[in-house]
Amino acid sequence: MPPTLPQGNAIIGQSGGPTAVINQSLAGIIEGLKGYAPVKKILGMRHGVDGLIKAKPPVDLTTLTSEQLEKLARTPSAALGSSRSKPADADCGKIFDSLRAADVRYFFYIGGNDSSDTCRIIYEMSQRQGYDLRCIHVPKTVDNDLMTNDHTPGFGSAARYVAMAFMADDRDNASLPGIKINVVMGRNAGFLTAASALARQTTPGSEHDGPHLIYLPEVPFDTDRFVADVSDCLSKHGRCQIAVSEGIKDKQGHDIGAKLIVGGQADSHGNAQLSGSGALGDMLSSILKERLKGPTGKPPRVRADTLGYMQRCWPDPSPIDAAEARAVGVKAAQEAMTGLTDGSIAILRTSNHPYRVEKRVVRLADVAAKTKTMPPEFIQGHNNVTKAFLDYCRPLVGDLPTMFKLTM
C-alpha cells in the first residue's frame with residue numbers, strides 16, 4: 001500500500017548563488033506537485049529561510065498558469081529571492097513558527113552544499129519537535145561541487161558562458177597581442193575555470209587558440225612558476241590568454257584572493273566573498289608587469305578581467321542544463337508524493353557516448369556541507385586539463401559557435 005501522506009501545504013525556497021536555470025527547478029517542483037491531493041497549496045519562501053525567519057508572508061504559486069510557469073522557467077536568477085543564511089538554533093524556532101502558521105508539511109530547498117546542510121538542519125529539528133515535515137534538497141550550483149552528483153544543474157550553463165567568453169576574448173587577444181588574464185568563479189573546485197578549455201577549437205589554424213594556461217584551486221599556485229609559464233607562452237604564441245580560478249591557493253592551502261581583499265566579507269557558512277573583487281587579477285597583472293620585459297625593456301601589455309556574477313545568470317542557458325534542472329525539480333516532487341521524508345536528488349551519468357543520465361535520491365548527509373573537487377584524471381600538469389575533462393564537459397554545454405580565422 002502507498003504510504004499515508006500528511007495533508008498540508010508545500011513550500012519551496014531558493015538558496016545560494018542564483019543560476020541561469022534555477023527557476024527551471026522551481027517550475028519542475030510546482031509542475032510535479034500539481035494534482036496531488038495531500039498538497040493543498042504550493043508556496044514560495046521569500047529569500048529562502050530568511051523569509052521564514054523574518055515571518056515574511058510566502059508567495060502563493062498554486063495559481064500560476066502553464067504559460068506563466070514556462071516564462072518563469074526561462075527566466076534566469078532566483079525568482080523567489082535567495083539566501084546564504086545558515087539557521088542557528090534560535091532561527092529554527094522562528095522557522096517552525098512560520099511553517100506551522102502556513103500549515104507546511106513539504107519543504108523543498110533548491111541550492112548547493114550549504115543549502116543541503118540547511119535542509120538537513122531543518123529536517124532534524126522537525127524530528128526532534130515531532131513535527132511531520134518532509135524535507136527534500138534539489139541540487140543547484142555553478143561550481144559543480146556537490147558530492148554524489150556527476151554534475152549539478154547550473155554548471156552547464158555557466159560553463160557555456162565561460163567557454164564562449166574565452167572564445168571571444170581569445171579573438172580580441174589575437175587582434176591586439178598581449179597578456180590577458182580572466183578570473184573565473186570557483187572557490188575550491190576548478191570545474192568552471194576548466195570549462196574555459198572548451199574555447200579551444202579543432203578547426204584549421206586553431207593550434208594557437210587560448211586559453212593557453214589554466215590555473216585551478218586543486219593545484220598549488222606558485223608565482224615563480226606562473227611567471228615562467230607566461231614567458232614561455234609569449235615566446236611560443238606571441239601572446240598569452242590565461243584562465244585563473246578565483247580560489248587558487250598557495251602551497252599551504254590558503255586562498256590567495258581572499259588575502260588580497262581589504263575588508264572582505266564572509267557568509268554565515270564561513271565562506272569568504274571572492275567574486276566581488278578584481279584584486280586577484282590586479283595582483284597577477286602587477287607581478288607580470290614587474291617581472292617580464294619586452295624587447296625594448298618595457299613591461300608587456302597586460303589586462304585582467306574578473307568575469308564575476310554574469311557567469312551564473314547569462315540568459316543563454318545550455319539546453320541540456322535547462323532540461324535537467326527541470327527534471328530534478330519534478331523528481332523531487334514525485335519522490336515526496338511517494339513517501340520520501342528526506343533526501344537530495346542527484347544526477348548520475350550512465351553513459352557518455354551517447355550521453356545519458358539518471359536521477360536518484362541520496363542521503364542529505366552525503367551531500368550536506370561537503371565539497372567535490374576536480375579529480376586527478378581531469379587535471380594535466382599544473383596549468384591545463386585533460387581530454388577526459390573535455391569529454392566529460394562537452395555534453396553539458398550545448399553546441400558552441402565556430403570561429404573563422406583568416407590565414408595571415
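The values are calculated or read from the model by the stated rules, or taken from the named source; none is laboratory data. Predicted, not measured: the structure shown is a model, and the values here were computed from it. Don't worry about glycine lacking a Cβ; one is built from the backbone with ideal geometry, like all the others, and counts go over all protein chains shown.
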Any chance the range 339-360 includes a residue that's at positive phi, in contact (Cβ under 8 Å) with a residue 24 or more places away in the chain and either crowded, with 20+ Cβ neighbours inside 10 Å or of a type in the set (Val, Ile, Thr) (or both)? yes
Take the range 332-350 and flag every residue that is closer than 21 Å to LYS372 by Cα and among the aliphatic types (A, V, I, L, M). ILE345, ALA346, ILE347, LEU348
Are any of the residues in the range 68-86 in contact with a Leu (Cβ under 7 Å, 6 or more places away or on another chain) and of a type in the set (Lys, Arg)? no
Mind checking whether some residue in the range 171-184 is outside any strand (DSSP E or B), in contact with a Pro (Cβ under 6 Å, 6 or more places away or on another chain) and buried (at least 24 other Cβ atoms within 10 Å of the Cβ)? no
With respect to GLY381, is the statement that it is modelled with pLDDT of 95 or more and buried (at least 19 other Cβ atoms within 10 Å of the Cβ) true? no
Inspect the range 34-42 for any residue being on the phi > 0 side of the Ramachandran plot, surrounded by fewer than 24 Cβ atoms within 10 Å (Cβ to Cβ) and out of contact with any Lys or Arg (no Cβ under 9 Å at 6 or more places or on another chain) and give the result as yes or no. yes
Checking the structure you have, find out if any residue of the range 374-384 is part of a strand (DSSP E or B) and outside the structural domain of LEU213 (by TED's automatic domain parsing). no
What are the residues in the range 185-196 that are in a helix (DSSP H, G or I) and polar (S, T, N, Q), if any? THR193, SER196
Which of the residues that make up the range 189-220 are surrounded by fewer than 22 Cβ atoms within 10 Å (Cβ to Cβ) and polar (S, T, N, Q)? GLN201, THR202, THR203, SER206
Do any helices (runs of 4 or more DSSP H) entirely within the range 210-318 hold 2 or more residues that are charged (D, E, K, R), at pLDDT 90 or above and more than 29 Å from SER157 (Cβ to Cβ), and if so, which? 223-237, 279-291
GLY156: passes all of (1) within 15 Å of TYR392 (Cβ to Cβ); (2) assigned to a loop (DSSP other than H, G, I, E, B); (3) not aromatic (Phe, Trp, Tyr) but (2)
Of the conditions (1) more than 22 Å from the chain's Cα centre (by Cα); (2) assigned to a helix (DSSP H, G or I); (3) under 30 Å from ILE256 (Cα atoms); (4) of a type in the set (D, E, K, R), GLU335 clears all except one; give me its number. (3)
Just checking, does the range 87-94 include any residue being buried (at least 18 other Cβ atoms within 10 Å of the Cβ) and modelled with pLDDT of 95 or more? no
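I'd like to check something: does the range 290-298 contain any residue that is more than 24 Å from the chain's Cα centre (by Cα), closer than 30 Å to ASP229 by Cα and touching a residue at least 12 places away in the same chain (Cβ under 8 Å)?
Checked the range 290-298: at least one residue is more than 24 Å from the chain's Cα centre (by Cα), closer than 30 Å to ASP229 by Cα and touching a residue at least 12 places away in the same chain (Cβ under 8 Å).
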Got at least one residue in the range 107-115 being in contact with a Phe, Trp or Tyr (Cβ under 7 Å, 6 or more places away or on another chain), under 13 Å from SER15 (Cα atoms) and either at pLDDT 95 or above or buried (at least 24 other Cβ atoms within 10 Å of the Cβ) (or both)? yes
